Amino acid sequence: MTACGVCTALAEELKQAREAKEHSKAYDAAAEIRNHPHPGKTKSPESARPALQPFQVT
Ligand SMILES: [Zn+2]
């Protein structure tokens, strides 16, 4: 997991939204995590976080 406090909070929000089946909220949380800037970690954030998808494809 990330050590970023903001992303940790967003990840928790994403998890809860997913569990509550609030898909639009989950999508927003996932997008916020992707868009959260991290100095020194700027390369391909999307491929760097494969686990943080709004929906589980199972
Ligand atoms: Zn962050």
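Each peptide in 31-38, 13-20 gets a packing score, the mean of other Cβ atoms within 10 Å over its residues, and the list from highest to lowest is 13-20, 31-38.
Backbone geometry of the range 28-35 corresponds, through the Karplus equation with coefficients 6.51, -1.76 and 1.60 at θ = phi - 60°, to 3J(HN,Hα) couplings of 4, 4, 5, 5, 5, 4, 4, 8 Hz, x marking Gly and Pro.
None of the figures in this text is laboratory data; all of them are computed from the coordinates on show. All values reported here derive from a predicted model rather than from experimental measurement. Neighbour counts run over all protein chains shown; Cβ positions are idealised from the backbone, glycine included.
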